[in-house]
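Derivation of every value follows stated rules applied to the coordinates shown; laboratory data play no part. None of these values were measured; they are calculated from a predicted model. Positions of Cβ are generated from backbone atoms using ideal geometry, with glycine treated the same way; all protein chains shown enter the neighbour counts.
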């Protein structure tokens, strides 16, 4: 599916040879200037029914479709951020989310290994499981920026993240009718 701009990932893949250099220039300029393109801050949202009762608002899950260019830029910046964190030893080896070669499966394997080791050593094992699946939706932008600063992110890089987080807009589509809604946090992105 395509975002607000109507450009699909399939179209982008067909034109990647022609667009690779211009997009690289745009992404680098965006980051170097500390500004996320405002046209990429608009997402198209449509409610997807997750239960059988359409009359209850909580039975809908918002599906947010962002610009394909935005998604691509986000992947580039995420890779840069993870490289920075890796080079500066900012990620623990116990982190499995957003870590290359790790997943929920590797987290479970590590947990099982730890429990087995504790059982064999006759030690007590305890575990606490938390669901952070919607945690980003309610994070303060100031807190995110403060955490990035604590990681050593400053200057134009910090300005880029500030720009990325602010002045975002959503276009909500209900039964072929669109309503514009201004919002702060956008789900399913960087």
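Estimated purely from DSSP H runs of n ≥ 4, each contributing -39500 (n - 2.57), the mean residue ellipticity at 222 nm for the chain is -14000 deg cm²/dmol once divided by its residues.
Can you give the FRET efficiency for residue 111 and residue 143, using 1/(1 + (r/R0)^6), R0 = 25 Å, r = Cβ-Cβ distance, to the nearest 0.05? About 0.30, to the nearest 0.05. Decide, for the stretch 97-143, between rounded, prolate and oblate: order the square roots of the alpha carbon gyration tensor eigenvalues as a ≥ b ≥ c, take rounded if a/c falls under 1.5, and otherwise choose prolate if a/b is larger than b/c, else oblate. Prolate, since a/c reaches 1.5 and a/b exceeds b/c. The antiparallel fraction among DSSP beta bridges confined to the chain stands at about 75%. Only Cα pairs under 8 Å and 6+ residues apart enter the sum, and on that basis the relative contact order of the chain stands at 29 percent. Largest GNM mean-square fluctuation across 164, 60, 46, computed for the chain with C-alpha springs under 10 Å, falls on 60. A straight chain from residue 8 to residue 90 at 0.36 nm per residue would run longer than the Cα-Cα distance by 26.0 nm. Rounded to the nearest 0.05, the FRET efficiency derived from the C-beta distance between residue 38 and residue 118 at R0 = 35 Å is 0.10.
Helix 104-120 and the longest principal axis of the Cα set of the chain meet at an angle near 10°. Put simply, the chain fits an ellipsoid with semi-axes of 33, 25, 17 Å; these come from the alpha carbon gyration tensor as the roots of five times its eigenvalues, largest first.
Largest first, the extents of the alpha carbon coordinates of the stretch 1-97 on the three principal axes equal 49, 40, 25 Å. Taking 0.36 nm per residue of separation and subtracting the Cα-Cα distance, full extension of the segment from residue 129 to residue 1 would add 42.7 nm. So which residue, out of 126, 114, 105, gets the largest mean-square fluctuation from a GNM of the chain using Cα contacts under 10 Å as springs? Comparing 126, 114, 105 in a Gaussian network model of the chain, the most mobile one is 126.
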